[in-house]
Amino acid sequence: MIFGHISQPNPCRLPAAIETALEFLRTTDFRTLQPGVVEIDGRTVFAQILDLTTQPREQQKPEVHRRYLDIQFLAWGEEEIGIAIDRGNNVIQEELLAQRDIIYYQGSENESFFEMVPGSYAIFFPQDVHRPACNKHRATAIRKIVVKVAISALN
């Protein structure tokens, strides 16, 4: 996982597809867009604009992806996200890799939580179990942008 704030320059060189995604996040006015999908580079890099309400941790399912990494960006609101390394010990609740590139787990071992504030982003790789959209203090309306970057574009 990589965590940062969109206003701060990244101190290291990232693959071009990730830089393209971060530039989209830096330069887009998300107040003007409706929820839905925005193609940035076809199906190699695309964004899902989501209006959500955070939930208690126990109501959100931990998830992983295999073909895409997630760059989760918080446009407004506040949330907590759970994070853990996928060591292969989590019980699968639902496997939807073919349909949606996602596996939901029943729980996540060795999970830690961190706070997202407007402008924060987190990059989750296939080994990163993440539990997004959790309450920080109470249920909160958030606008989240999830940029999907094909793992195949990182080489």
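The values are calculated or read from the model by the stated rules, or taken from the named source; none is laboratory data. This is a predicted model, so every value here is computed, not measured. Ideal geometry is used to build each Cβ from the backbone, glycine not excepted, and the neighbour counts take in all protein chains shown. Note: accessible area is taken over every heavy atom of the protein model, side chains too, but ligands, DNA and RNA are not part of it. Shrake-Rupley method; radii C 1.70, N 1.55, O 1.52, S 1.80 Å.
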Q: With respect to residue 122, determine if the residue is closer than 25 Å to residue 43 by Cα, in a strand (DSSP E or B), of a type in the set (Gly, Ala, Ser) and in contact with a Leu (Cβ under 6 Å, 6 or more places away or on another chain).
A: no
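Can you tell me which residue is most open to solvent (accessible area, probe 1.4 Å) among those in the stretch 1-29 that are of a type in the set (A, V, I, L, M, F, W, C) and assigned to a helix (DSSP H, G or I)?
Top of the filtered list is 16.
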Q. Any idea how many residues of the stretch 30-49 are open to solvent by less than 30 Å² (accessible area, probe 1.4 Å) and not small (Gly, Ala, Ser)?
A. 4
Q) Pairs under 6 Å by beta carbon, first residue closer than 13 Å to residue 9 by Cβ in the stretch 19-31, partner open to solvent by less than 30 Å² (accessible area, probe 1.4 Å), six or more apart or different chains? A) 26/6
Q: State whether one or more residues within the stretch 46-54 are outside any strand (DSSP E or B) and small (Gly, Ala, Ser).
A: no
Q: Take the stretch 127-149 and flag every residue that is among the aliphatic types (A, V, I, L, M) and assigned to a loop (DSSP other than H, G, I, E, B).
A: 139
Q. Do any residues in the stretch 75-87 that are at positive phi have Cβ atoms under 6 Å from those of residues that are modelled with pLDDT of 95 or more, where the two are at least six apart or on different chains, and which pairs are they?
A. 77/140; 77/141; 77/142
